[in-house]
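Everything below concerns the one structure shown next.
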Amino acid sequence: MSDSQKQYSRATFDEVMVPNYNPSQIIPERGEGSRVWDQNGKDYVDFAGGIAVTALGHNHPGMLKALKEQSEKIWHLSNVFTNKPALELADKLTAATFADKVFFCNSGGEANEAAFKLVRKYANDNFPEQGKSEIIAFKQAFHGRTLFTVCVGGQPKYTKGYEPLPEGITHGEFNNIDSLKEIISDKTCAVVMEPVQGEGGIIPAEPEFAKAVRELCDKHNALLVFDEVQTGVGRTGHLYAYQGLGVTPDILTTAKAMGGGFPIGAMLTTTKISKSMGVGTHGSTYGGNPLACAISNVVIDEINTPEMLSGVKEKSAKIRTRLEAIGEKYDVFESVRGEGLLIGAVCNEKWQGKAREFLVSGWEHGVMCLVAGLSVVRFAPALNITDEEIEQGLERFEKAVAAIA
Ligand SMILES: *Cc1c(COP(=O)(O)O)cnc(C)c1O
């Protein structure tokens, strides 16, 4: 039974939700910029950004305007029709990247599902009878939660119990080109990587490694797929991280920040490769939904400016310097790593496996951050977070650290 007068709490979650998450006791109610208020009116500085999603913060006036305007025109059509917001967004994404073609969907997992299907299809179309079906990805990688994408991901704990699993997927060591050399062959249809491993612990790809991966792919006629679901849309100080790495993929997937909090994802590729996804070969009911695309157009316009992107690097430096100082002062972090506003504070020996304690203490002290694995505290704030919000958030984070260290 539902009742709008009923008081809901975290306990309700255990009554009515599938127990696959363990959310905080806090129930946030509204947000403004990089600040969030909970049901009790307590405020938090938001360094989590809904897991690298709310890249323009909460309640952004431009996004709100686009949402309102489009909501009074048309919400949804399906791909029986195309629509102006989707065409405009695809035009923008292809103008700003290597890509000529865009496929829209609703999440990162779906964008990767499309990419992984496409690399198989492309190999079957272009290299028939070669058994060119093997996908190589990397250990600790994260590519989503569909059965195919968890299997391409490099964390066995996420596939355990879901057997039988899709086949033809192998994993190399990230940032170790010799490991890739050993497993890549003419049977490989694609190599998949995150420019910065996100969920795996905020581990940036070394530029030399990325370049060598590109060369090995070319040598074996394998496609290179960059999963930029977390690193994309300005997060690293480039519209897409590949632009900073100087290595161009054949297929790029993007989601998370792309809608700034409204669900949307996309797969980007070249005209040649896109031909393997002809009429009827793949699809999505919601993909390219006008409401989602209208909002995403604002997100891309706001973020893809030199000011916003250089701001990301300045804010990053500020946060990293302070986190290093906190880590040293309280003897909790051994290093701080990442790119742009995707930052990981790595727990030292003493705090191995205990990153979540910093998260929970942060909530008590009015700051939201994230973890990446068991031993890295992750920061993925809005790209337009203000200096004042950064300052106050870090003060609160320091108190949170001091309280437990
Ligand atoms: C979050 C994430 C995904 C999955 O995105 P969903 O929208 O949760 O399906 C895939 N790849 C990377 C690198 C991610 O960070």
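Considering each of F148, F142 in turn, give the residue that is within 16 Å of the ligand (Cβ to nearest atom) and assigned to a loop (DSSP other than H, G, I, E, B). It would help to see each step written out before you state the result.
Working: F148 fails: assigned to a loop (DSSP other than H, G, I, E, B).
On inspection, the qualifying residue turns out to be F142.
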- Scanning region 104-133 residue by residue, the ones that are within 23 Å of A266 (Cβ to Cβ), of a type in the set (A, V, I, L, M, F, W, C) and over 23 Å from the mean Cα position of the chain (by Cα) total 1
- Query: Taking G131, is it out of contact with any Leu (no Cβ under 8 Å at 6 or more places or on another chain), more than 11 Å from the ligand (Cβ to nearest atom), of a type outside the set (V, I, T) and at pLDDT below 95?
  - Reply: yes
- Query: Using beta carbons and a limit of 6 Å, which pairs, at least six apart or on different chains, have the first residue in region 197-213 and among the aromatic types (F, W, Y) and the second one away from the ligand (no atom under 15 Å from the Cβ) and at pLDDT 95 or above?
  - Reply: F209/N175; F209/I177
- Of (1) in a helix (DSSP H, G or I); (2) more than 16 Å from the chain's Cα centre (by Cα), I136 satisfies all except one. Which? (1)
- Selected residue (only one of N40, N20, N79 is surrounded by 15 or more Cβ atoms within 10 Å (Cβ to Cβ) and either at pLDDT 95 or above or in a helix (DSSP H, G or I) (or both)): N79
- Message: Could you go through region 316-336 and let me know if any residue there is closer than 23 Å to T386 by Cα and assigned to a strand (DSSP E or B).
- Response: yes
- Any hit, region 355-370, residues being in contact (Cβ under 8 Å) with a residue 12 or more places away in the chain, among the small types (G, A, S) and touching an Asp or Glu at 6+ places or on another chain (Cβ under 7 Å): yes
- Here are some conditions: (1) free of Cβ contacts under 8 Å to residues at least 12 places away in the same chain; (2) open to solvent by less than 30 Å² (accessible area, probe 1.4 Å). E228 meets all but one. Which one does it not meet? (1)
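Quick check on region 322-361: of everything there that is among the small types (G, A, S) and either open to solvent by 40 Å² or more (accessible area, probe 1.4 Å) or under 23 Å from the mean Cα position of the chain (by Cα) (or both), which residue is nearest to E395 (Cα to Cα)? Write out each step before concluding.
So in region 322-361, the residues among the small types (G, A, S) come out as 325, 327, 335, 338, 340, 344-345, 353, 355, 361.
Checking the rest, the ones that are also either open to solvent by 40 Å² or more (accessible area, probe 1.4 Å) or under 23 Å from the mean Cα position of the chain (by Cα) (or both) come to 325, 335, 338, 340, 344-345, 353, 355.
Working: A325: 12, S335: 19, G338: 21, G340: 20, G344: 17, A345: 16, G353: 24, A355: 18 Å.
Once the filter is applied, the top-ranked residue is A325.
Residue by residue, here is whether (1) over 27 Å from K315 (Cβ atoms); (2) open to solvent by less than 20 Å² (accessible area, probe 1.4 Å) holds:
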{"site": "S185", "(1), (2)": "yes, no"}
{"site": "G198", "(1), (2)": "no, yes"}
{"site": "L245", "(1), (2)": "no, no"}
{"site": "D250", "(1), (2)": "yes, no"}
{"site": "I264", "(1), (2)": "no, yes"}
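Looking at this structure, is I169 touching a Ser or Thr at 6+ places or on another chain (Cβ under 6 Å), among the hydrophobic types (A, V, I, L, M, F, W, C) and surrounded by fewer than 23 Cβ atoms within 10 Å (Cβ to Cβ)? Don't jump to the end; show me each part of the working.
On the way: touching a Ser or Thr at 6+ places or on another chain (Cβ under 6 Å): no; among the hydrophobic types (A, V, I, L, M, F, W, C): yes; surrounded by fewer than 23 Cβ atoms within 10 Å (Cβ to Cβ): yes.
Against the criterion (touching a Ser or Thr at 6+ places or on another chain (Cβ under 6 Å), among the hydrophobic types (A, V, I, L, M, F, W, C) and surrounded by fewer than 23 Cβ atoms within 10 Å (Cβ to Cβ)), I169 does not qualify.
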- Query: Any idea which of (1) of a type in the set (S, T, Y); (2) without any contact (Cβ under 8 Å) to a residue 24 or more places away in the chain; (3) away from the ligand (no atom under 15 Å from the Cβ) is the one Y158 doesn't satisfy?
  - Reply: (3)
- Message: Step by step: first the residues of region 58-76, then only those that are surrounded by 14 or more Cβ atoms within 10 Å (Cβ to Cβ) and in contact with a helix residue (DSSP H, G or I) (Cβ under 7 Å, 6 or more places away or on another chain), then the one that is farthest from V36 (Cα to Cα). Which residue is that?
- Response: I74
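Considering T236, T248, T253, which residue is away from the ligand (no atom under 16 Å from the Cβ) and not acidic (D, E)? It would help to see each step written out before you state the result.
Numbers: T236 fails: away from the ligand (no atom under 16 Å from the Cβ); T253 fails: away from the ligand (no atom under 16 Å from the Cβ).
Criteria check complete, one pass: T248.
Within region 377-405, track down each residue that is among the hydrophobic types (A, V, I, L, M, F, W, C), open to solvent by 10 Å² or more (accessible area, probe 1.4 Å) and outside any helix (DSSP H, G or I).
First pass over region 377-405, keeping only residues among the hydrophobic types (A, V, I, L, M, F, W, C): 377, 379-380, 382-383, 385, 390, 394, 397, 400-405.
Still in the list and also open to solvent by 10 Å² or more (accessible area, probe 1.4 Å): 402-405.
Selection gives A405 alone.
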- Query: Give me the pairs: first residue in region 108-135 and open to solvent by less than 50 Å² (accessible area, probe 1.4 Å), second residue of a type in the set (S, T, Y) and within 16 Å of the ligand (Cβ to nearest atom), beta-carbon distance under 6 Å, and six or more apart or on different chains, which are they?
  - Reply: G109/T146; G109/T149; A111/T253; N112/T149; N112/T253; E113/T146; E113/T149; A115/T253
- Message: Could you list, ordered by first residue, the pairs with Cβ atoms under 7 Å in which the first is in region 41-58 and of a type in the set (F, W, Y) and the second is in a loop (DSSP other than H, G, I, E, B), at least 6 apart or interchain?
- Response: Y44/G366; F47/C369; F47/P381
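Name the residue, out of A90, A86, A95, A52, that is within 26 Å of R378 (Cα to Cα) and of a type in the set (A, V, I, L, M, F, W, C). Can you show your working first?
Values: A90 fails: within 26 Å of R378 (Cα to Cα); A86 fails: within 26 Å of R378 (Cα to Cα); A95 fails: within 26 Å of R378 (Cα to Cα).
Only one candidate qualifies: A52.
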- Query: Failed condition for A55, given (1) outside any loop (DSSP other than H, G, I, E, B); (2) buried (at least 23 other Cβ atoms within 10 Å of the Cβ), with all others met?
  - Reply: (1)
- Task: Counting only residues that are under 28 Å from S34 (Cα atoms) and of a type in the set (D, E), give me the helices (runs of 4 or more DSSP H) lying completely in region 236-305 with at least 1 of them.
- Result: 290-303
- Any residue in region 283-294 that is open to solvent by 30 Å² or more (accessible area, probe 1.4 Å) and farther than 20 Å from D227 by Cα? yes
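The values are calculated or read from the model by the stated rules, or taken from the named source; none is laboratory data. Keep in mind that this is a model prediction, so the values were computed, not measured. Quick reminder, even Gly has a Cβ in these numbers, built from the backbone with ideal geometry, and neighbours come from all protein chains shown. With ligands, DNA and RNA removed, areas are computed over all heavy atoms of the protein, side chains included. Shrake-Rupley method; radii C 1.70, N 1.55, O 1.52, S 1.80 Å.
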